[in-house]
1. If residue 154 meets every condition in (1) in contact (Cβ under 8 Å) with a residue 60 or more places away in the chain; (2) closer than 23 Å to residue 6 by Cβ; (3) open to solvent by 10 Å² or more (accessible area, probe 1.4 Å); (4) not aliphatic (A, V, I, L, M) apart from one, which number is that one?
2. Name every residue in segment 163-184 that is closer than 18 Å to residue 129 by Cβ, assigned to a strand (DSSP E or B) and of a type in the set (D, E, K, R), in order of residue number.
3. Mind checking whether some residue in segment 95-117 is touching a residue at least 24 places away in the same chain (Cβ under 8 Å), under 18 Å from the mean Cα position of the chain (by Cα) and outside any strand (DSSP E or B)?
4. From the list 197, 243, which one is crowded, with 21+ Cβ neighbours inside 10 Å and at pLDDT 90 or above?
5. I need the full set of residues from segment 280-315 which are surrounded by fewer than 16 Cβ atoms within 10 Å (Cβ to Cβ) and in a helix (DSSP H, G or I), in order please.
6. Restricting attention to segment 381-431, which residues are within 21 Å of residue 500 (Cα to Cα), over 34 Å from the mean Cα position of the chain (by Cα) and small (Gly, Ala, Ser)?
7. Tell me, yes or no, whether segment 220-229 has at least one residue that is within 20 Å of residue 157 (Cα to Cα), surrounded by fewer than 23 Cβ atoms within 10 Å (Cβ to Cβ) and of a type in the set (Gly, Ala, Ser).
8. Has segment 532-539 got any residue that is crowded, with 16+ Cβ neighbours inside 10 Å and in contact (Cβ under 8 Å) with a residue 40 or more places away in the chain?
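The values are calculated or read from the model by the stated rules, or taken from the named source; none is laboratory data. This structure is a prediction, so every number in the text was calculated from the model and none was measured. Please note: Cβ atoms are built from the backbone with ideal geometry, for glycine as well, and neighbour counts cover all protein chains shown. Just so you know, the surface numbers come from the protein's heavy atoms only, side chains and all, with ligands and any DNA or RNA stripped out. Shrake-Rupley method; radii C 1.70, N 1.55, O 1.52, S 1.80 Å.
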Amino acid sequence: MPTISVGRDRLFAALGRVYTQDEFETLCFDFGIELDDVTTEKAIIRKEKHLEEDVEADGDDEVIYKIEVAANRYDLLCLEGLARSLRIFTGSEATPTFKIASIPRGSMLQMHVRPQTSQIRPYVVCAVLRGVTFDEVRYNSFIDLQDKLHQNICRKRTLVAIGTHDLDTLQGPFSYEALPPQEINFIPLKQEQTSRADALMDFYRSDMKLKKFLHIIENSPVYPVIYDSNRTLLSLPPIINGAHSAITLKTRNVFIECTATDLTKANIVLNTMVAMFSEYCENKFEVEPVEVVSHDGSTAIYPDLSCYKMEVSLSDIVGPIGISLDETQVISLLNKMQLQAELCSSNGEPCISVSVPPTRSDVLHARDLVEDVAIAYGYNNVPKSKPKSMTIGGRQPLNRFSDKIRAEVARAGYMEVLTFVLTSHEENFDMLNRTDNGNKAVIIANPRTSEFEVVRSSLMSCLLKTLKHNIDHPRPIKIFEVGDVVSLDTSRDVGASNNRRLAALYCNSNSGFEEIMGLVDRIVKIVRAPHINFGQTYYVPSSEPEFFTKRQCKIVMSDGKQVGYLGIVHAEVLRKFGILDPCTFVEIDIEALL
């Protein structure tokens with residue numbers, strides 16, 4: 001859940017009254033947010049710089065409220081949106097109506113999109129805030145909202161990147177292009193010298209803030225760029241803006257552009273930016289549109305600040321909450337949550353028509369209206385009631401069976417280990433002498449480390465790694481694990497399935513093959529049941545590459561179904577894991593025994 005930091009005095013001034021801390025905590029709870037911490041600017045700086053209490057820190061003693069908000073309430077990520085929402089919730093302000101400035105299409109600013117952008121970031125949406133009045137607090141809030149959106153809905157700029165510019169320093173129309181980095185030269189923000197785009201990638205590798213965004217475009221043959229009609233570079237999204245159009249406290253007209261790989265997210269981000277700060281415009285809550293002209297000749301005008309309608313029956317709203325309210329009461333509660341509602345009828349049944357504003361992108365379904373009505377009504381005010389049907393929770397049969405298997409193996413003298421489900425591709429295949437045919441292992445996209453590239457398809461590598469890290473323990477070493485492996489499965493809606501396995505490893509000066517066979521015999525004996533039939537002989541020769549030939553076998557049931565395998569681990573496999581002593585390994589599918 002994102003947390004925003006706002007000055008207490010500034011927030012109370014925006015709310016139009018002063019609250020005690022208890023009163024404000026109650027207001028936050030009633031609205032569905034939480035006052036997470038109360039601190040000061042000095043304390044925050046001291047914590048960030050790891051300073052001792054007796055060391056003087058910069059900053060002042062202004063009280064800072066840290067407020068936790070819902071992850072999908074992007075309109076609450078800044079002081080302006082939070083204060084406006086609370087004023088509407090308390091009834092001291094009506095929900096504003098956002099307007100698009102009436103401008104002839106021929107006089108409208110244009111953004112021309114070149115076809116090469118489809119290779120890297122295909123979408124761009126734009127808007128203009130005219131006559132904005134900034135002070136230091138408003139400016140900082142404006143910048144902070146961009147950072148919060150970048151971390152949240154923009155997914156660290158991978159989906160959307162926001163650029164804000166002083167429009168008075170630029171000349172339209174604008175063009176959104178994608179060029180080879182060697183052809184891009186400009187002075188980046190907070191720099192004084194012209195740099196080439198590819199050189200900037202190297203320069204920003206040491207920048208603590210920007211280096212985490214370089215991977216988005218650095219390996220692309222073209223980089224996205226935005227120019228004005230004078231070929232002045234506005235930005236190199238999603239990395240850095242140009243210094244020429246940087247906004248300051250004196251900026252009066254702000255040009256906002258959002259480049260994206262997801263057009264829906266881009267619209268939400270643009271709407272949030274203009275809705276929050278259009279209250280500082282000369283014409284309050286009025287936004288100037290920009291026409292985006294695609295390379296195929298199609299055009300679109302942004303932002304789209306229209307409301308969309310939802311019609312929901314009264315029973316569908318109050319029924320899930322378990323309260324009795326009439327239409328007037330529900331409409332009043334919805335209005336408190338910035339949702340303009342009015343009474344209508346559908347097939348003779350009371351129905352409520354709701355206008356969802358552009359700031360409430362989190363409202364997607366009738367259930368979202370139910371949640372907002374419940375918040376406005378007050379969760380503590382919902383009467384307690386016993387459920388109509390009583391159920392008793394219990395453990396899954398597979399988990400109960402797994403614990404019984406664990407206990408039995410532990411009684412045989414084996415020590416249980418717990419290993420990671422993720423492993424490296426090399427350990428899962430090459431180090432076990434196995435080949436990857438591409439249709440078994442689940443591969444992790446963009447892994448954080450080479451040690452976690454795939455989801456394990458066997459427990460063998462995990463136990464061998466554990467043995468390697470505990471190789472100095474006295475012999476014999478007897479370890480086991482009961483855990484899941486994952487394999488590709490086209491019959492499942494997620495494309496993969498879990499399978500519970502038992503694996504045991506014996507390591508000593510001799511192979512201990514008979515020790516592992518004795519453990520298997522014990523497992524077979526205790527799980528015998530009418531539906532589990534192993535017959536008299538359940539060992540069948542096998543030829544797995546991770547074991548010595550003629551020193552391995554499959555474990556099969558009477559119908560020929562394989563439920564496991566065991567063998568003396570091949571010397572080549574042991575060498576790859578750095579193990580000198582012989583080992584025997586067994587792995588059994590315990591789901592097949594349930």
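1. Exception for residue 154: condition (3).
2. 166, the sole residue that qualifies.
3. Here is the first cut: in segment 95-117, the ones touching a residue at least 24 places away in the same chain (Cβ under 8 Å) are 95-101, 103, 105, 108-117.
Adding the requirement that they be under 18 Å from the mean Cα position of the chain (by Cα) leaves none.
For segment 95-117, residues touching a residue at least 24 places away in the same chain (Cβ under 8 Å), under 18 Å from the mean Cα position of the chain (by Cα) and outside any strand (DSSP E or B): absent.
4. On the way: 243 fails: crowded, with 21+ Cβ neighbours inside 10 Å.
The conditions single out 197.
5. Within segment 280-315, 315 is the sole residue that qualifies.
6. Matches in segment 381-431: 407, 410, 412.
7. There is at least one residue in segment 220-229 that is within 20 Å of residue 157 (Cα to Cα), surrounded by fewer than 23 Cβ atoms within 10 Å (Cβ to Cβ) and of a type in the set (Gly, Ala, Ser).
8. Taking every residue of segment 532-539 in turn, none turns out to be crowded, with 16+ Cβ neighbours inside 10 Å and in contact (Cβ under 8 Å) with a residue 40 or more places away in the chain.
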